[in-house]
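Let me begin by presenting the structure, written as structure tokens, before commenting on it.
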Amino acid sequence: MRASAAALALLFPLAASAEAPAVKSLTLRVCVETALERNFALIQARELIRQRTGAYAVARAALLPSLDARGEFSRTDPKKLSSFGGSTFGHSDNWSAGVELSQPLFSGGAGAALRGREAARRDAAAHEYESEVNRVLLLVHERFYAVLLRREQVLVREEAVRLLEAEVEAERRKRDVGSVSDFNVLRVEVELANSRTPLIRARNELRLAGEELRAVLGLTGKDAPGEISAEGTLRFEPLEAELETAIAKARENRPELNRLRRLVFAQEENITLQRADYLPSLKGTAAYDIERDRFAPKLGDVNRGWTLGVRGDWNLFDGLASRAKIDSARSELASARAALAEQEAKVEIEARRAYSSLIEARELVAASSKVSESAREALRLSRARFAADVATQLDVFAAQVALTDARANEVQAVHDYNLAVARLRQAVGDFVSPKS
């Protein structure tokens, strides 16, 4: 299995730039692109891929030829030189140089197993990056929708304040012509003052939601000075989904499962690697050397030539260390398989939960929309009845509160539906495999 193309393609183009343009108002698409580039967790995950890629390159190098060059110069005390019959053998100054090419011929499968293990670990790191992308993009959607929700809640509270301001003006006009007493005006003014408190809180929650969005995007105040705002509106766009299809996609796409599958393969290769210690290893060598002729009078007189050979090693007894390594590798393989089975069960549960939440959110949107329409009509009728003196001011207040609650519930339901769609996409791995 090759490393995930999506993860490796994102690795190098998305290196964070030192300077980013200042941004205040962001679309969902811009938020996604910014998070992929600047989110701190994703930066760390990309670096892990680099580390694993380096480890794979080292493992692959063990199967390739190696070329070594060597050189030496030495000066020997003349008193150490051998002599016989008044003649001295050798020279004080000696030198040699050469190159050697070596190629592994047989290692009991250790080289291929090492390469396979490190390739699997590299792929696992790529899938881990995808898993982090899946998690971060869900956070981006959650924070983005939270900003839209807080903004809609501010609008709902502002509408409630405007309705009460209109009631205050109407009651004051009635008082001026003697239709109502000061008590009616005072009661409406108190309701108006009370309605400003949730509005202030809603505006503060909107600012805080913007800061949370800024954090998940990896933006600092220098990158985006001022408050962060979101472009767009919460809309209900029906999504048709089937449970069995969602589960099947989750099993195929979720990077957590693909990562653990690669780790299982890595542990299988690791057993082969440890078993190779029982077998001999062979290495072919070819060398060419040049050195000073030790019996010639001049320093430049040389001997040169080539050497071919085969070198073999076989560890006949290592104190049962190889057996212990194999037992440990088998245990790690069993653990990896158990982790995969556990994650498969978790992924299926998450897909079922996300699908169920989507169905619930869809039904709540339909119900809250009808309630909102009914509450608006109830307010209109209560005002007409109050104008005709067949209803009390308390009835109007109750209708206004009911409308505010209904609008708030409707906005919350649409937000929850959009969030349920995003969570289902995350549960089936659509954020990293959108075309699957």
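The values are calculated or read from the model by the stated rules, or taken from the named source; none is laboratory data. All figures in this text were calculated on a predicted structure; none of them were measured in a lab. Virtual Cβ from ideal backbone geometry, glycine too; neighbours counted across all protein chains shown.
Any residue at all in region 145-154 that's assigned to a helix (DSSP H, G or I), of a type in the set (A, V, I, L, M, F, W, C) and free of Cβ contacts under 8 Å to residues at least 60 places away in the same chain? Looking through region 145-154, at least one residue is assigned to a helix (DSSP H, G or I), of a type in the set (A, V, I, L, M, F, W, C) and free of Cβ contacts under 8 Å to residues at least 60 places away in the same chain. So, of the residues in region 164-208 that are surrounded by fewer than 18 Cβ atoms within 10 Å (Cβ to Cβ) and hydroxyl-bearing (Ser, Thr, Tyr), which turns out to be nearest to the chain's Cα centre (by Cα)? Once the filter is applied, the top-ranked residue is Thr197. Residues in region 252-285 that are over 24 Å from the mean Cα position of the chain (by Cα) and among the acidic types (Asp, Glu) were compared, and the one that is farthest from Leu64 (Cα to Cα) is Glu268. One residue alone among Arg254, Arg259 is under 30 Å from Leu149 (Cα atoms) and touching a residue at least 12 places away in the same chain (Cβ under 8 Å), and that residue is Arg254.
Here Val168 qualifies as at pLDDT below 90, of a type in the set (Val, Ile, Thr) and in a helix (DSSP H, G or I). Count of region 223-251 residues, restricted to those that are within 22 Å of the chain's Cα centre (by Cα), modelled with pLDDT of 90 or more and not hydrophobic (A, V, I, L, M, F, W, C), is 2. Is it the case that Arg380 is at pLDDT below 90, assigned to a helix (DSSP H, G or I) and farther than 30 Å from Val428 by Cβ? Yes. Put simply, of Ala354, Ala375 the only residue that is over 22 Å from the mean Cα position of the chain (by Cα) and buried (at least 20 other Cβ atoms within 10 Å of the Cβ) is Ala375.
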